[in-house]
Amino acid sequence: MHMKKAMQRPVDAASDWTIPQNWSHFSEQDHVTWDRLFARQCKLLPGRASEAFLRGLDVLHLARPGIPDFEELSERLMRATGWQVVAVPGLVPDDVFFEHLANRRFVSGNFIRRPDQLDYLQEPDVFHDVFGHVPLLADPVFADYMQAYGRGGLRSLKYGALHRLSRLYWYTVEFGLVQEKGALRIYGAGIVSSHGESIFALDDPSPNRIMFDLKRVMRTAYSIDDYQQNYFILPSFDELLRVTVESDFAPLYAELDGLPDIHIAQITEGDEVITLGSQVYATGKIASAD
C-alpha cells in the first residue's frame, strides 16, 4: 500500500506529492526489464487471473513494449472509467493516498526494479503499480470500489482506524481472490505482479482460502514480506462494492476495538473455509514457492 505516516515531501513534488513522469528518463534497460516482467506474467496469468484483469490489459493496450507513458495510459483509462494514473516519488502519506483514490487518481512509483530484483521488491515500483493495479481500474465496478475505499480511508483517519482499513486493502486490492465460473481466480496486485505468488496463491497446499467477510478481514493481521497464509475469496466484485458502500464503518470500528486480532493463518469459528491449508510453507519447511 502506498502509504506512510511521517514523511517529508520531496522538493520536486507538488503539494499533492505528484511529479511529472518524465517518461524519457527511463533507460533502455528499464524498458527491457518491464518487457521481461510483462511477458513472464502474461504467459502465466491466462486461466489464473480474473477476466476483468485480463480484459483491462487489452482495453488499456498494456501489451505495447516498454513502460507505459502515463499521459497516454490515463487517456485510455479516463475513457473507460474516469480514472487516471499519476506519478509520485515513492510512498506517500495516508491522507494524500486516500485523497487521490477518492478523486479517481491512482498513484504510481516512478522507478522500476533492477534486473536482479525481478522476483521481489519491498517498495512498489511502476511494474507493481501499473501492471498489478491499473488493469482492474478499467473495470467499472472495481473502479467504483477503489474510489469508495479512498473516501472511506479519509473518514478512517478521524477514528484512528487506519490499521483496520489497511487490512481490507491488503486482503482485497493487494492479495484478493475471486470466484469466476466455478473456479478461483487471482486479482490482487501483489499476486498478479508476482510470478511466484501467482502460482502459490492458487496451487500451493499451504495457505487457507476463506470466503470474504468484512469484519473478519479487518481483524486479520498480515505479513508484508512473505507469501500470504490466508487468502480471502470474493463471490464477485459487485459484492465487494456493495458491502463497502452499504456498511457503516464508524460503529464497525468501535466494535472491532473490543475484539482481539486474528493471527496470520488462524481459522476461526464462522469461517467459510474453501481450502484448509497445510501451513507447511509457514513453518519454514519450504524455502521458496517459486
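Data table
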{"read-out": "Lone unmet requirement of (1) over 17 Å from His133 (Cβ atoms); (2) touching a residue at least 60 places away in the same chain (Cβ under 8 Å); (3) outside any helix (DSSP H, G or I); (4) open to solvent by less than 20 Å² (accessible area, probe 1.4 Å) for Pro68", "value": "(1)"}
{"read-out": "Of all residues in region 26-59 being over 25 Å from Ile199 (Cα atoms) and part of a loop (DSSP other than H, G, I, E, B), the one that is most open to solvent (accessible area, probe 1.4 Å)", "value": "Ser27"}
{"read-out": "Test: residue in region 147-156 that is under 18 Å from Ala14 (Cβ atoms), aromatic (Phe, Trp, Tyr) and within 14 Å of the chain's Cα centre (by Cα)", "value": "no"}
{"read-out": "Cβ-Cβ under 7 Å pairs, at least 6 apart or on other chains, region 3-18 side among the β-branched types (Val, Ile, Thr), far side open to solvent by less than 60 Å² (accessible area, probe 1.4 Å) and at pLDDT 85 or above", "value": "Thr18/Val86; Thr18/Ala87; Thr18/Val88"}
{"read-out": "Conditions (1) open to solvent by 20 Å² or more (accessible area, probe 1.4 Å); (2) within 22 Å of the chain's Cα centre (by Cα); number of the one not met by Ile233", "value": "(1)"}
{"read-out": "Residues being assigned to a helix (DSSP H, G or I), open to solvent by less than 80 Å² (accessible area, probe 1.4 Å) and not hydrophobic (A, V, I, L, M, F, W, C) - total across region 236-270", "value": "4"}
{"read-out": "Selection status of Ser108, modelled with pLDDT of 95 or more, of a type in the set (Ser, Thr, Tyr) and surrounded by fewer than 22 Cβ atoms within 10 Å (Cβ to Cβ)", "value": "no"}
{"read-out": "Out of Ile233, Ile210, sole residue that is out of contact with any helix residue (DSSP H, G or I) (no Cβ under 7 Å at 6 or more places or on another chain), under 23 Å from Gly56 (Cα atoms) and of a type in the set (Val, Ile, Thr)", "value": "Ile233"}
{"read-out": "Within region 216-235, considering residues that are more than 17 Å from Asp203 (Cβ to Cβ) and among the aliphatic types (A, V, I, L, M), the one modelled with the lowest pLDDT", "value": "Ile224"}
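The values are calculated or read from the model by the stated rules, or taken from the named source; none is laboratory data. Model, not experiment: these values are computed from the prediction. Heads up, the Cβs are rebuilt from the backbone with ideal geometry, glycines too, and the neighbour counts pull from every protein chain shown. The accessibility values were calculated without ligands, DNA or RNA, using every heavy atom of the protein model including side chains. Shrake-Rupley method; radii C 1.70, N 1.55, O 1.52, S 1.80 Å.
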